[in-house]
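Heads up: the structure comes next, in structure tokens.
Please treat every number below as a calculation from the coordinates, not as lab data. The structure presented is a predicted model; accordingly, all values stated were derived computationally and were not measured. Glycine gets a Cβ as well: all are built from the backbone with ideal geometry, and neighbour counts include every protein chain shown.
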Amino acid sequence: MRKPRRADQAGKAEAAFDKAKKIIYASQSNCAICGRAVDFDKRFPDPWSPTLDHIIPVSKGGDPASLENLQLAHLQCNRIKGTKTVALQVKEKTVDNRLLPLSCEWAKALNK
């Protein structure tokens with residue numbers, strides 16, 4: 001028996017969410033939160049299984065199904081992030097976790 005879907009993935013948002021999920025799973029391979037590769041062979045409830053993270057949480061006004069508000073993440077990274085947003089102020093620029101280069105040298109890259 002399938003468990004009921006969350007309210008933000010039901011109704012009008014459900015089809016758009018499913019379409020965005022297919023696009024993201026086909027085009028992204030690294031967790032947008034930790035930067036490590038995501039293994040698509042892992043399945044829920046494995047903490048390293050793939051999931052979608054809302055960049056701006058639905059509880060804070062983020063679009064529940066917009067492709068621009070979704071990113072690939074590990075289940076455990078997404079749970080740790082919870083309803084927080086990740087944003088850094090770097091030299092008067094707002095940089096969110098979706099735009100950071102996937103390396104340890106990201107701060108240097110932003111200063112160029």
In the stretch 41-71, the trypsin sites (Lys or Arg not before Pro) that fall in loop regions by DSSP, at most 13 other Cβ within 10 Å
ARG43
In nm, spacing of pseudo-spin labels at ILE23 and LYS60 (7 Å Cα→C-beta vector):
2.3
Relative contact order for the stretch 7-83, counting Cα pairs under 8 Å that sit 6 or more residues apart, in percent:
34
Expressed as a whole percent, how much of the Cα-Cα distance distribution for the stretch 7-83 exceeds 18 Å?
37
Report the full-extension gain for the segment ARG36 to SER49: residue separation times 0.36 nm, less the Cα-Cα distance, to one decimal in nm.
3.5 nm
